[in-house]
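Asks: Below are the structure tokens for one structure; questions will follow.
The values are calculated or read from the model by the stated rules, or taken from the named source; none is laboratory data. Please read these numbers as outputs of a predicted model, since none were measured by experiment. Reconstructed Cβ throughout: ideal geometry from the backbone, glycine too, with neighbour counts over all protein chains shown. Areas reflect the complete protein model, heavy atoms only, side chains present, ligands, DNA and RNA absent. Shrake-Rupley method; radii C 1.70, N 1.55, O 1.52, S 1.80 Å.
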Amino acid sequence: MGVPDMDELSFTDSELDYHVRNALKAVVQGDCDFYNQLVAVIHHKERLVAEEVALLVTCLKAVTGAVSSIHIAHHRSLLAAIFGMSLWDYGTDVMDALVELLVSLASSSGEYVDLCLEMLVGNFIPPSAPPSASYFVELLTQPRGLAKKNQVLDRVHSTLKDIASVVPLSPLRLEKIVRDRMPNIYTKEPVVEAIVASHDPRHSSCALSGCGESLTRVDAKFIVMYVENMLRLESGVMGELVGSTILVALVDRLIDLDVEIAWDEILQDDFHKGIFDMELEDLEGHADHIEQDCNELTREALIQRFFSGNLVAEKLDSLMVLTFEHLRSCAESGRLVQVFEILLQSFQKTILTAYKSKFAQFVMFYACSLDPENCGKMFADLLLNIFVSSLNPVRMSAVSYLASYLARTKFVPVSFVAAMLESVVNWCFLYCKKQEGDINPKAHKVFYAGCQATMYVLCFRMRQMLAIPRLKSQLCLMRIEAILGHPLKPLQVCLPSIVEEFLRLVKANHVFSLPQSFVEYGMLESDNSRAFGGMERFDMFFPFDPCLLRKCDSYIRPNYVYWSMVRSTYDEDDGEGTSDEDVEEAYASRNGMSIPDDGSGRSYDDEGNSDADEFDYSLNKMSITPRDSSNKFGGRMQRFMQMPSKIRPSASPESL
């Protein structure tokens, strides 16, 4: 009997099943003619006409019926052709036949489970190699491209569930595959033949099959799409099995991107400038090298200056927003606390210990804003517990995070801020009681970090606390005077601009009885202050300083306290006090937000958050400049020389 010509097949489906099964068996005896034709039909994918599509569907169905005859050692070319297919290249008829084949392969032998899962995960995004990548990037901007996306991804996720139903352990294999295949800007794509060969038990190495990798640049849209699919898995039926791994992998990738942003090329740090002199609004005017139609540095001009063409920053921005949307969805479905507990563990292992983390930490900020009573409290409690633990190596980072969080959040009740602050102060006071030596920035760096955190929080929250009699009494009973007057001399060690602003507020509000000579300690930077911060100036680590990512900032801003909102509650020139009503109004009138008026709860409203004009106003008016320090610092504020505040890289002190 002659070898049938695949282009002239006139068999019924059952007859074709018979010939395909025989062809698979014939390969073992060396007869590959019909087998090679079968492989060629499956491998061919360019510009298929209707007859070729019908033939491909028929062959895929025939192979599905003969999966028991497939052996990974004898039919590697067929398996390579199958797993080299992409759902994105075909219509729905071929898609359906292909995913049916994948389920049959996965259920027939454990050897094929990983191969099937890898192929499906590979279809999270369109083919990323040129020229297909540019075609799909353009296609996805059109309605038919979005329809194609839904057709593919719906089948991918339904097939993953089908495989999980017949292979119960497959989700455990899936989580590793999803994590390992998560793309970066440049991704090494393994050759399909190498993937198949690596599962061949006869070979310890895939080198025998021509193993190799191709370096492919992945479009940022594809990376976002991949994460969308990760989060779809996390929120789906397999979320209980793979959800934690997916969330951890996502946070890891956010940190990878965060630290990849190279600040050194776009700023020169000027450490003589006070931390309160460096928030964004003191960049108004004096930006001649940035083209703009007005004298103020607008939000768009700022982002254009520092992020135009920065692929890493743009990708991080998109992934952060995608994460925010997922967290909001979790909050709406009542599972945010469960997800947040996983994020909290990941935060401790990655973000808290990361060097030069600039933006990834705002995932925690946003999650807390969605559920302050649970997530917000859990986050603050964790940071406080780390700080007071004598064995934890990241205590300085923890108290820096705690201070920045308490200072910058609108949704945290001021009563809770006072309670957290009192715990930090109590630890510092107990530390002082055990010390009899003199000033030593390196030996007592955790103590100085606690003192600086206390003063930093009070720079933002003192007026709120004084506006509530109960909290005012609580503040006055704290042992802050004893701490600041201790021979360890924290006022001479902590960041001068924070010390100066804190002492100015203390004097204006007559809160503590500090010796007059202390006022001079914060005026200029000292050797002790530099020693506390180290060469990298870790004393300037404020993790929740204003976020410069365009889209990410729009989510953070409604719940964020800018210094201008605090600064507007007093007038430094006449030194006169401000009424309680002025304090409340200053916080409640920004961005349509409100804060607790009794220190016992929280409230906020979402109206007006998307107003673009208000956004630009807030960005251009968020200075935390307490006074005109340009003369004191040699007039450096008159030139646009650097990124504001931490918008320099944040760096955890223990990361070195």
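Asks: Dimensions of region 67-107 along principal axes (Cα, Å, largest first)?
Replies: Principal-axis extents of region 67-107 (Cα, largest first): 30, 19, 11 Å.
Asks: Here's something else I'd like to know. Checking the table 377/472; 25/45; 25/176; 349/507; 221/349; 161/358 against a 32 Å threshold on Cα-Cα, which pairs fail?
Replies: Too far apart for the 32 Å limit: 25/176; 349/507; 161/358.
Asks: Full extension from residue 443 to residue 237: what is 0.36 nm times the residue separation minus their Cα-Cα distance, to one decimal in nm?
Replies: Taking 0.36 nm per residue and subtracting the Cα distance, the gain is 69.0 nm.
Asks: Tell me the label-point distance for the pair residue 158, residue 31, using the 7 Å Cα-to-Cβ offset, in nm and rounded to one decimal.
Replies: Here the modelled spin labels are 3.9 nm apart.
Asks: Whose amide H sits under 5 Å from the amide H of residue 354, counting only residues 5 or more places off or on another chain, with H placed in the peptide plane?
Replies: Placed amide hydrogens put nothing under 5 Å from residue 354.
Asks: Quick one: if you stick a label point 7 Å off each Cα along the C-beta vector at residue 419 and residue 374, how many nm between them?
Replies: For the pair residue 419/residue 374, the computed spacing is 1.8 nm.
Asks: Okay, next question. On the accessible surface of region 55-109, probed at 1.4 Å, how many percent belong to carbon and sulfur atoms?
Replies: For region 55-109, the apolar C and S fraction of the accessible surface comes to 45 percent.
Asks: Based on the mean of other beta carbon atoms within 10 Å per residue, what is the order of 29-38, 501-510, most packed first?
Replies: Sorting 29-38, 501-510 by mean packing, highest first, produces 501-510, 29-38.
Asks: Continuing with this model, one more query. Give, as a single signed number, the net charge of other residues whose beta carbon lies under 13 Å from the beta carbon of residue 177, with Lys and Arg counted +1 and Asp and Glu -1.
Replies: Summing Lys and Arg as +1 and Asp and Glu as -1 gives 0.
Asks: Still on this structure, I have one more. With all protein chains present, how much of the accessible area of region 332-428 (probe radius 1.4 Å) comes from carbon and sulfur, to the nearest whole percent?
Replies: 52 percent
Asks: Convert each backbone phi in region 149-155 into a coupling constant with the Karplus relation 6.51 cos²θ - 1.76 cosθ + 1.60 (shift: θ = phi - 60°), then list the ³J(HN,Hα) values in order as whole Hz, x for Gly and Pro.
Replies: Each residue's phi maps through the Karplus curve to give 4, 5, 4, 5, 5, 4, 6 Hz.
Asks: In whole angstrom, how far apart do the alpha carbon centroids of region 484-516 and region 406-467 sit?
Replies: Their Cα centres are 12 Å away from one another.
Asks: Now for a separate question. How much length, in nm to one decimal, is gained on full extension between residue 141 and residue 470, taken as 0.36 nm per residue of separation minus their Cα-Cα distance?
Replies: Residue separation times 0.36 nm, minus the Cα-Cα distance, leaves 112.7 nm.
Asks: Amide H of residue 409: which non-local residues (sequence gap of 5 or more, or other chain) have their own amide H closer than 5 Å, using H built in the peptide plane?
Replies: Under 5 Å from the amide H of residue 409: 561.
Asks: Take residue 389 and residue 93, extend 7 Å from each Cα along the Cα→Cβ direction, and tell me the distance between the two endpoints in nm.
Replies: In this crude spin-label approximation the distance works out to 6.2 nm.
Asks: Something else about it: Please turn the phi angles of region 97-109 into ³J(HN,Hα) values with the Karplus equation 6.51 cos²θ - 1.76 cosθ + 1.60 (θ = phi - 60°), one per residue in order, whole Hz, x for glycine and proline.
Replies: Karplus-based 3J(HN,Hα) across region 97-109 equals 5, 5, 5, 5, 5, 4, 4, 5, 5, 5, 7, 7, 7 Hz.
Asks: Using a Förster distance of 25 Å, how high is the FRET efficiency between residue 48 and residue 22, based on the Cβ-Cβ distance and rounded to 0.05?
Replies: Computed FRET efficiency for residue 48 and residue 22 comes out at 0.45.
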